[in-house]
Amino acid sequence: MKHTSIASIITAAVIGGLVAFGTVKLTSEKPINSAASAASQNTLVKAISSGVIRCGYVVYPPGLIKDPNTGKISGIFPEVLEKAAANLGLKVEWTEEVGWGTMVEGLNSGRYDMIGSPVWPTSQRIRVADFTHPIFYGGAEAFVREDDTRFDNGLEILNDPQYKIATTDGEVTDSIAQQDFPKATRVSLPQLTDISQLLLTIADGKADVTFAEPHIAYEFMKNNPGKLKAALPGKPVRLSPNTMMLSQSDFVFRRVIDLAVSELQNNGVVDQILKKYEPFPGAFYRNASPIQPTSTK
């Protein structure tokens, strides 16, 4: 069957379903109307018609890795999404590298269909975008210089102007600093700054604390021994799902992506991909299995 025929069938089914269920409200300000419903099904129809899902992305190893020489994209999220897309009869096109604070602009302007790299669905972001089910969970811990003992008993003292927190504009580190330690001084880095630069800012003494997922920080620490340590090992200041981001009106397209990824989670493919990139056992928090072992008693 040709792509256009499949698209026509899905279009009719989606429109029929939306008519049957009537108008639904996503936010208190913008109800989903017929135009939003059409936009939702159009993203899926266009992907099926072209055979391609267009993705914006933020480089964030090992969630998404970009080879600086060849431009090749790899990592956890690309492997999961490309396998899910293949099962849907589609391919993934890595269309545009974007920044944390500019991701939504490309979605709203139609430059790409989704963000295919890890995104934490914060309360600020959910106001302007939507998110898939998590592929896995991540926790952000506080990291300081190896010889810094000031925070060994807790991070409460960090909420003071004398302490400097290294953050990335528009990213979760900035959100943590603003919400939890608003009185601390922020040392802000641009949106496209690699996460290793945040850690280097601490190692070089330009700031006192930053926040990172342990698997990323420990890779830096392995390559730069004696420079950093976790302030409170095993005690994340944030625990959040690692998801993909879509336009707020793309609930039909999101449903298709969710089901395709869930299939990979249920048959063990996602776990195998996580093991491939996991620097040490337990570095990634898996989704809980929906099935519990049957008691033998």
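The values are calculated or read from the model by the stated rules, or taken from the named source; none is laboratory data. As the structure is a computational prediction, the values presented were derived from the model and not from experiment. Using ideal geometry, Cβ is built from the backbone for each residue, glycine included, and neighbour counts are taken over all protein chains shown.
Pairs meeting the criteria (first residue in segment 253-273 and within 17 Å of residue 242 (Cβ to Cβ), second residue among the hydrophobic types (A, V, I, L, M, F, W, C) and surrounded by fewer than 19 Cβ atoms within 10 Å (Cβ to Cβ), beta carbons under 9 Å, at least 6 apart or on different chains) are 257/88; 260/88. For segment 61-98, a tally of residues being within 14 Å of residue 276 (Cβ to Cβ) and in a loop (DSSP other than H, G, I, E, B) returns 4. Candidates 154, 99: the one that is assigned by TED's automatic domain parsing to the domain that holds residue 258 and farther than 23 Å from residue 260 by Cα is 99. Name the residue that is nearest to residue 205 (Cα to Cα), counting only residues in segment 238-265 that are surrounded by fewer than 16 Cβ atoms within 10 Å (Cβ to Cβ) and among the hydrophobic types (A, V, I, L, M, F, W, C). By that ranking, first place goes to 239.
Scanning segment 27-60 for residues that are at pLDDT 90 or above and in a loop (DSSP other than H, G, I, E, B), which turns out farthest from the chain's Cα centre (by Cα)? Among those that are at pLDDT 90 or above and in a loop (DSSP other than H, G, I, E, B), it is 51. Does segment 123-144 contain any residue that is of a type in the set (A, V, I, L, M, F, W, C), out of contact with any strand residue (DSSP E or B) (no Cβ under 6 Å at 6 or more places or on another chain), without any contact (Cβ under 8 Å) to a residue 40 or more places away in the chain and not assigned by TED's automatic domain parsing to the domain that holds residue 172? Yes. Just one of the numbered conditions (1) touching a Ser or Thr at 6+ places or on another chain (Cβ under 8 Å); (2) surrounded by fewer than 14 Cβ atoms within 10 Å (Cβ to Cβ); (3) closer than 25 Å to residue 102 by Cα is not true of residue 161: (3). Among the residues of segment 164-185, those identified as part of a strand (DSSP E or B) and surrounded by fewer than 21 Cβ atoms within 10 Å (Cβ to Cβ) are 164, 185.
Note on segment 96-123: among residues that are within 14 Å of residue 77 (Cβ to Cβ) and small (Gly, Ala, Ser), the one that is nearest to the chain's Cα centre (by Cα) is 117. Of the residues making up segment 103-119, those that are at pLDDT 90 or above and not in a strand (DSSP E or B) are 103, 104, 105, 106, 107, 109, 110, 111, 112, 113.
Looking across segment 66-88 at every residue that is without any contact (Cβ under 8 Å) to a residue 40 or more places away in the chain and surrounded by fewer than 18 Cβ atoms within 10 Å (Cβ to Cβ), the one that is nearest to residue 126 (Cα to Cα) is identified as 74.
Report whether or not residue 151 is among the aromatic types (Phe, Trp, Tyr), touching a residue at least 12 places away in the same chain (Cβ under 8 Å) and surrounded by 22 or more Cβ atoms within 10 Å (Cβ to Cβ). Even if it seems obvious, please write down each step before you answer.
Details: among the aromatic types (Phe, Trp, Tyr): yes; touching a residue at least 12 places away in the same chain (Cβ under 8 Å): yes; surrounded by 22 or more Cβ atoms within 10 Å (Cβ to Cβ): no.
Considered against the rule, which asks whether it is among the aromatic types (Phe, Trp, Tyr), touching a residue at least 12 places away in the same chain (Cβ under 8 Å) and surrounded by 22 or more Cβ atoms within 10 Å (Cβ to Cβ), residue 151 comes out as no.
Screening residue 153 against (1) in a loop (DSSP other than H, G, I, E, B); (2) touching a Pro at 6+ places or on another chain (Cβ under 6 Å) leaves a single unmet condition, (2). Which of the residues spanning segment 186-208 are part of a loop (DSSP other than H, G, I, E, B), hydrophobic (A, V, I, L, M, F, W, C) and surrounded by fewer than 21 Cβ atoms within 10 Å (Cβ to Cβ)? Passing the criteria: only 192.
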